[in-house]
1. Being in a helix (DSSP H, G or I), surrounded by fewer than 16 Cβ atoms within 10 Å (Cβ to Cβ) and modelled with pLDDT of 75 or more is true for just one of Ala77, Ala69, Ala85. Which residue is that?
2. Farther than 20 Å from Ser360 by Cβ and among the aromatic types (Phe, Trp, Tyr): is that true of Tyr409 in this structure?
3. Considering only the stretch 373-388, how many residues are of a type in the set (A, V, I, L, M, F, W, C) and either at positive phi or open to solvent by 20 Å² or more (accessible area, probe 1.4 Å) (or both)?
4. Kindly provide the set of residues from the stretch 318-338 that are in contact with a strand residue (DSSP E or B) (Cβ under 9 Å, 6 or more places away or on another chain) and farther than 17 Å from Pro391 by Cα, ordered by number.
5. Taking Ala257 as the residue in question, decide whether it is modelled with pLDDT under 80, more than 49 Å from the chain's Cα centre (by Cα) and closer than 16 Å to Ile29 by Cα.
6. May I ask you to say which residue of Gly370, Gly407 is outside any loop (DSSP other than H, G, I, E, B), open to solvent by 40 Å² or more (accessible area, probe 1.4 Å) and within 30 Å of Thr75 (Cβ to Cβ)?
7. Among the numbered conditions (1) of a type in the set (S, T, N, Q); (2) more than 30 Å from Glu192 (Cβ to Cβ); (3) out of contact with any Leu (no Cβ under 8 Å at 6 or more places or on another chain), tell me where Gln64 comes up short.
8. Taking Gln383 as meeting all but one of (1) modelled with pLDDT of 95 or more; (2) closer than 14 Å to Ser352 by Cα, write down the number of the exception.
Amino acid sequence: MKKKMLLLNTTVLLGLGGVLSTPTYASTIQDMESQKSQIQNQRQDVQSNIKAASDELTRLQAEQDQMKAQLERLTIAEEENNKKAQKTEADIKETSKQVEQLEKEIKLLQEKLEKRNDILKDRARSLQESGGNVEYLQVLLGSSSFGDFVDRALAVSTIVDADRGILKETKNMQDELKTKQADVKSKLASLEDMKAELDEMTVQLAAQKKQKDALAKELKDKEAKNEELKASLQAKDSSLANEQSTLEQNIKDQKAAEEAARKAAEQAAKEAAKKAAEQAQKAAAAPAEKADSPSAKEAPKASSNDVAPTSAPAPKASNVVTVGNRWIGNSAYVFGGGRSQSDISHGLFDCSSFVHWAYSQVGVNLGPLGSVSTETLKHAGTQVSSSQMQPGDLVFFDTYKKDGHVGIYVGGGKFIGAQSSTGVAIANMSSGYWKQKFNGRVVRI
């Protein structure tokens, strides 16, 4: 009888143990945990892509900031060049008025000289008819021109006082005429230079406007792409986060249901064990054994690693050939610019002021900044043959006038300078436009 009761008790306990240990929801949770693991891995990849995209967005933002700064420089340059163009036009109009006035005065002087010429001819003819001074007649007949006659006649000591006075006055008028003619030629030359400068500025303004519009379009396109990329990444991350959250909630609900089922099964097992014990007690008065199955809880652990990006400072330029590289892409051309600290701070140069600035950075003074020009720079050092050209030498180009542009030779057939269409940039002088404009002048400082 005892053996029968012991066998029954063992059978009940084994049955209850089977109830307690059966993973009713294990396969469902296992599938969800596997799915969760897959989503977590996928989201890690997405997060990695988001970080890479964020880094790219940061880089693009920095590039956008640079472009915005360059747009501001080009706007300032455009305004300054417009002012200079307007001033040049005003100077041309004023000079044109002066030329017109001088031409009127020259015409009046020429008319007076013609009258004096007629008077002197009549006097000489009268003198000849009356048998007058032979020396005077020889002066008149031997002169190659009326001006030559006046100069010769004044040297004759036997000329009558009346004629001498006329001749002196005529001589003064001739000298005045020559002076005014020289003045007109000088002003006309100045006018032509101003017109050439105005034409050059017009080309520069067109190039700068084109560059400004291109940068503005590029900035707008990049901003649109950045916003699109940002929205796409945010949507993807949000979708994965929702999916992960839903899955975690489902796992939580399943575990809660499993826990409730486990507790219910445990309670049923206890009650069954209690009944079996009571029956065993009644049957054999033997102590009942209770079996309890341990439970374990596992808590998932998560870890994350953040790696901070590092950056190294850019090396600084140390000589005249490379010191200007800092302005490449960060400057704009202004005719007459670069002669104040404000211009320099904003990267606004023309060709000669940039050369002056570059040499000042390595301790070489090329004269007063306010008056520096291609004309002063071509006399600032020793001229050498273009075949002996070395990095650091000044090179000159005939653009809107002879020696109208200057740069610093960097080697390899290239030079750095402030160009009208690009601002400070390295250009090729061994082919194309600059090869055609290079006039062979090389100055070594």
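1. On inspection, the qualifying residue turns out to be Ala69.
2. no
3. Going through the stretch 373-388 one residue at a time, the tally reaches 2.
4. Arg326, Trp327, Ile328, Gly329, Asn330, Ser331, Ala332, Tyr333, Val334, Gly337, Gly338
5. Yes; evaluated as a whole, the condition is true for this residue.
6. Numbers: Gly407 fails: open to solvent by 40 Å² or more (accessible area, probe 1.4 Å).
Just a single option satisfies the conditions, and that option is Gly370.
7. (3)
8. Only one criterion is unmet by Gln383, namely (2).
The values are calculated or read from the model by the stated rules, or taken from the named source; none is laboratory data. A quick note: this is a predicted structure, and the numbers were derived from the prediction, not measured. Methodologically, a virtual Cβ is constructed for each residue, glycine included, from the backbone with ideal geometry; neighbour enumeration extends over all protein chains shown. Just so you know, the surface numbers come from the protein's heavy atoms only, side chains and all, with ligands and any DNA or RNA stripped out. Shrake-Rupley method; radii C 1.70, N 1.55, O 1.52, S 1.80 Å.
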